[in-house]
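Since the structure comes first, as structure tokens, the remarks are kept for the end.
Please treat every number below as a calculation from the coordinates, not as lab data. Everything numeric in this text was worked out from a predicted model, so none of it was measured. Backbone-built Cβ (ideal geometry, glycine too); neighbour counts: all protein chains shown.
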Amino acid sequence: MIVRLLKQPQFLIGFLFIVSFILLSFIYPSVMDVQKESKFLYDENEVIVGIAPFSPKDMPPFGTDMNGKHLLYLVLEGAKYTILITLVIAFLRIFFALFFSLFHRKSKSTFFDDIVQATLYIPTAILAYMFMVPLFVKDATEPMGMMTLIVVQCLILVGIGVPPLVSTFSEEIRSILAKDYIVSTFSLGSKKPYVYYKHVLPELSSKLLLLFAQQAIQTLILLAHLGVLAVLIGGSKTVMMGDIFNLTPSTISLSGEWAGIIGQSYQKLLTAPWIILVPLSFFAFTIFSINLMIQGIQNSLESNKS
Amino acid sequence: MSSRLLEINNLNIAFGSGKNVFNAVTDISLSINSGQTVALIGESGSGKSVTSLSVLKLLPANGRAESGSISFDDKEILQMTEKEMQKIRGNEISMIFQDAIASLNPAMKVGVQITEGLKYHKQMPKSELRAVALSLLEQVGFHNPAHIYDQYPSQLSGGMKQRILIAMAISCKPKLIIADEPTTALDVTIQRQVLDLIADYKIREDASVLMITHDFGVVAEYADWVYVMFGGRIVESGDVFTIFNNPIHPYTKGLIGCIPSLESDGERLKSVYDYSFEEAGYKGRKFAPETYSMESKVYHAPSSLIEVEPGHYVRLFDESEVTIVG
Ligand SMILES: Nc1ncnc2c1ncn2[C@@H]1O[C@H](COP(=O)(O)OP(=O)(O)OP(=O)(O)O)[C@@H](O)[C@H]1O
Ligand SMILES: [Mg+2]
């Protein structure tokens, strides 16, 4: 399976992008000559000629944010959190959904299905927002620590993805169970657990990777949306920024993932658009890479059939 | 007189619920003695597969046996629990399916699939399982069983797959084999091979066979007794010589009139209702369940199987006057 996948060029390219992102994110401080901050720009005479944020033209490649932090490093730093959180959420979604659909198939509750169907049309970002806001309120009154907050937030993000997946899985399992060879193995006297273990799960597993990748994309999109809504993984802190004449409160992401970069400076969309566009395009690029992988997976599933 | 092995009485099978109820099988009675080959013949959609699946209680989830009885070895199948059925399936009754390609799991070695039934019904160590599987493969005509054992279904031809299905079906030496059009997808020479394998097994183990087919040629060659099915009902039944020499129902006459020649490639049977015999009726009563007039199908009315000579039944309308509507 893995070998066959790696032979699909699309999968390989996407895979390499993602892996190198994560690797770079971990090792960049030791391989790059890192100068993370440039708050001021000086001329030859050491006279200040500019103040952060700097556009990509002044500070290639990506410019800096309000505090003079180079976006390149912010984005690299955030890559590990963003991608790993995404993968964990996608994995847990698949895991729980599979668990529920295997052990909860007895209750053919159409009511549950209907509810799930109905919620499918609510943008997930809004659903997540509704669940997250009370969390922040609670965190503000009795702080629960960044780790706890991250865990609870991830659970919410996992939770809203599970019900639709359960329907997908149940549907998938139902269609496998309707196949002729399942009837055939039952006609030999097979018992249900055996049929699930030997026939249904293996068939399902070829689809799992695909669904996992799709979930990863959904999660990334969701994170990006939440970032714009200033709902940041790991919470945020409001600080006073600007010069003494022009103090403005702004939110700072505590975990450094990409959505945080967006969330803390989305008010600057007009004056310093690159601060938002850079992390957004990294979101886009990651999604693109995973989509490449999905294409590869689909190709290999197709060639598997023939 | 050999003993009754399977007896189906007044079985009704329906699909769906509420307004969408569809009666796939109506009032079917059928019996098989041990050592006998009984043929169930009829056009596509007449309810043959549904009838045979109900014997193993493997109807699709939306279907059910509404009334009637199915007794096997004097035990009532319709009353059995799922657990009791699991002991019967594959062990006492097994089934060879219509579509060999779809009936094998494409992702599992055929050798392993052959041993599935054995795993359940015969306690034996793994090494022995393999040995039995190899000998089964040999029994169904493979000269290189060890090689075939490790193949996946996609690596085998249609006829080979069908033989694998037969090996699966006979693995636990069942008393009854239900062969649901086992040769539809095969070309003529291979059809023979496959049917002969089933017939061999039958003789070797003194088993019974319910042979489902739409090919009267197969019936003539392999069956002792025939049930002709049409629109979910038995329309004529009797021993194979009687039916061949003295068919009465227009549908049977049509079937016999169009025994596929060796060249035809198992094409699906269209309706072969023979209108030319329709007008005659039988002793003043019209043939059920449908009556044709000027090529338009009309009328549904109570009907029953009438014994026209000992052991030979034909379905006729209960009333002698059938009003033709529409
Ligand atoms: N799962 C199902 N749901 C609803 N109707 C069904 C279902 N399975 C079968 N039927 C109906 O039952 C009737 C009998 O089907 P069956 O498969 O027994 O036909 P058959 O005689 O085996 O035909 P063939 O020669 O094509 O195999 C058909 O009209 C079919 O539409
Ligand atoms: Mg059929």
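For this structure, a couple of remarks:
- What the phi angles of segment B:14-19 give under the Karplus curve with 6.51, -1.76 and 1.60, with θ = phi - 60°, is a coupling list of 10, 10, x, 8, x, 6 Hz, glycine and proline written as x.
- Using the Cβ-Cβ distance between A:Met146 and B:Ala102 with R0 set to 45 Å, the FRET efficiency works out to roughly 0.25.
- Net charge of neighbours whose Cβ lies under 15 Å from the Cβ of A:Ile83, counting Lys and Arg as +1 and Asp and Glu as -1: -1
- Projected label points at A:Ser175 and B:Tyr282, each 7 Å from Cα along the beta carbon direction, are separated by 4.7 nanometres.
- Residue-averaged 222 nm ellipticity for chain B, from DSSP H runs of 4+ at -39500 (n - 2.57), nearest 500: -9000 deg cm²/dmol
- Modelled FRET efficiency - R0 22 Å, A:Val228 with A:Ala284, Cβ distances, 0.05 increments: 0.95
- Exercise: per-residue mean of other protein chain Cβ atoms within 10 Å, B:102-113: 4
- Each residue in A:Lys198, A:Lys192 was given a count of other beta-carbon atoms within 10 angstrom of its own, and listing them fewest first yields A:Lys192, A:Lys198.
- Subset of B:Lys57/B:Lys202; A:Lys198/B:Lys83; A:Lys207/B:Lys87 violating a 30 Å alpha-carbon distance limit: A:Lys207/B:Lys87
- Springs join every pair of Cα atoms under 10 Å in this Gaussian network model of chain B, and among B:Asn105, B:Asn246, B:Asn20 the largest mean-square fluctuation is at B:Asn20.
- Projected area, mean over directions - segment B:4-231, Cα convex hull, nm²: 12.5
- Of the DSSP H helices in chain B, those whose Cα atoms cover at least 15 Å axially and whose Kyte score averages -0.5 or more: B:110-121, B:126-139, B:158-170, B:188-205
- Coupling constants for segment A:274-287 follow from the phi torsions by the Karplus curve (6.51 cos²θ - 1.76 cosθ + 1.60, θ = phi - 60°), and in residue order they are 4, 4, 8, 5, 5, x, 4, 6, 5, 3, 4, 5, 5, 4 Hz; glycine and proline get x.
- The mean count of C-beta atoms from other chains within 10 Å of the C-beta of residues in A:174-186, rounded to a whole number, is 6.
- Computed magnitude of the charge dipole of chain B (debye, nearest 20; Cβ of K, R +1, Cβ of D, E -1): 1120
- DSSP-defined beta bridges in segment B:4-231 - what % are antiparallel, rounded to 5: 45
- The fewest-to-most ranking of B:Ser94, A:Ser101 by surrounding Cβ atoms within 10 Å reads A:Ser101, B:Ser94.
- Normalised by residue count, segment B:105-158 yields a Cα convex hull volume of 83 Å³ per residue.
- Packing-based exposure ordering (other Cβ within 10 Å, fewest first) of B:Lys122, B:Lys161: B:Lys122, B:Lys161
- A:Ile115-B:Glu309 pseudo-label distance in nm [points 7 Å out on the Cα-to-Cβ vector]: 6.9
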